[in-house]
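Asks: Before anything else, here's the structure in question.
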Amino acid sequence: MRNETLYFNENFFSTGITDIYNEAKEKVGKLDLKSMFSSGVDVLDLQGNIIASGKFPFLSSKWKISNQSSQEIGSLRGRFSLFSKKYEYDAYGKKTFYIKAGGFSKLYEVFKDETTLVCKFEKISGFFSSPVFRLESFTSELSPEELILIVMGVHAIQRRNNSGTNSASATM
């Protein structure tokens with residue numbers, strides 16, 4: 001089991017490359033935000049090689065995560081809930097992880113069952129600037145890249161919900 005804290009942000013227009021930092025403020029990778037229209041995201045190493053990707057396939061409400069070989073490794077979807085925000089991540093061949101947050105909370109917790117916390121993330125800024133996320137991982141079951149793409153997927157689903165294109169899930 002490893003503890004790791006990462007920080008990353010989205011650009012103001014949801015496009016371009018941003019850096020991923022560890023708690024010591026060292027660059028450990030990059031995010032390539034494809035465009036504000038496609039919601040696709042690539043996690044890159046420091047040399048610019050794609051490690052993992054996330055996107056909505058055409059006409060789908062599920063956020064699909066792929067590895068560096070473009071093989072799909074998981075699927076994220078929103079779950080209906082009246083007074084909280086809930087998501088489910090199916091890590092193919094592993095488990096289903098549950099993502100939960102209170103109705104107005106910006107803190108999300110990811111569980112591998114009802115009681116085992118594997119990570120938590122929160123949006124720590126973003127009112128007049130682009131959102132910055134803090135991700136704290138407590139497990140090695142999911143890679144840091146996969147966890148980053150789960151965070152970006154939750155954010156993308158919420159953005160879709162806020163724009164009214166998909167009303168099946170809760171919003172941030």
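The values are calculated or read from the model by the stated rules, or taken from the named source; none is laboratory data. Small disclaimer: the values here were computed from a predicted structure and weren't measured. In this analysis, Cβ positions are derived from the backbone assuming ideal geometry, glycine residues included, and neighbour counts consider all displayed protein chains. For the accessible areas, the whole protein counts, side chains as well, though only heavy atoms, and no ligand, DNA or RNA atoms are used. Shrake-Rupley method; radii C 1.70, N 1.55, O 1.52, S 1.80 Å.
Asks: Only one of the values (1) 37, 19, 15; (2) 23, 21, 15; (3) 21, 19, 17 was calculated from this structure for semi-axes √(5λ) of the Cα gyration tensor in Å; name its label.
Replies: Only one option fits the structure, namely (3).
Asks: Per residue, how much accessible surface does the chain expose to a 1.4 Å probe? Answer in Å², no decimals.
Replies: Accessible area per residue: 53 Å².
Asks: Using the basic label-point model (7 angstrom from Cα toward the beta carbon), what is the residue 28 to residue 11 distance in nanometres?
Replies: The answer from the label model is 2.4 nm.
Asks: If all Cα-Cα distances of the range 44-100 are sorted into 10 Å bins from 0 onward, what percent lands in each bin, rounded to whole numbers?
Replies: Bins of 10 Å from zero give 22, 43, 27, 7, 1 percent of pairs.
Asks: Rounded to a whole number, what % of the accessible area of the range 29-140 do carbon and sulfur atoms account for, probe 1.4 Å?
Replies: The nonpolar share, carbon plus sulfur, comes to 53 percent.
Asks: Let me ask you something else. Given a Förster distance of 35 angstrom, what is the FRET efficiency for residue 125 paired with residue 94, based on the Cβ-Cβ distance and rounded to 0.05?
Replies: For residue 125 and residue 94, the calculated efficiency is 0.65.
Asks: What's the magnitude of the charge dipole for the chain around its Cα centre, counting Lys and Arg as +1 and Asp and Glu as -1 at the beta-carbon? Answer in Debye, nearest 20.
Replies: With Lys and Arg at +1 and Asp and Glu at -1, about 560 debye.
Asks: Now for a separate question. Helix-only mean residue ellipticity at 222 nm, the chain, DSSP H runs n ≥ 4 weighted -39,500 (n - 2.57), per residue, nearest 500. What is it?
Replies: That comes out to -4000 deg cm²/dmol.
Asks: Nothing charged except the Cβ atoms of Lys and Arg (+1) and of Asp and Glu (-1): what's the magnitude of the dipole of the range 95-135 about its Cα centre? Round to the nearest 20 debye.
Replies: Taking the Cα centre of the range 95-135 as origin, the dipole is about 100 debye.
Asks: What residues qualify as long-range amide H neighbours of residue 52, i.e. H under 5 Å apart, gap of 5 or more or another chain, H built at 1.01 Å from N?
Replies: When sequence neighbours closer than 5 places are left aside, the close amide H contacts are 43.
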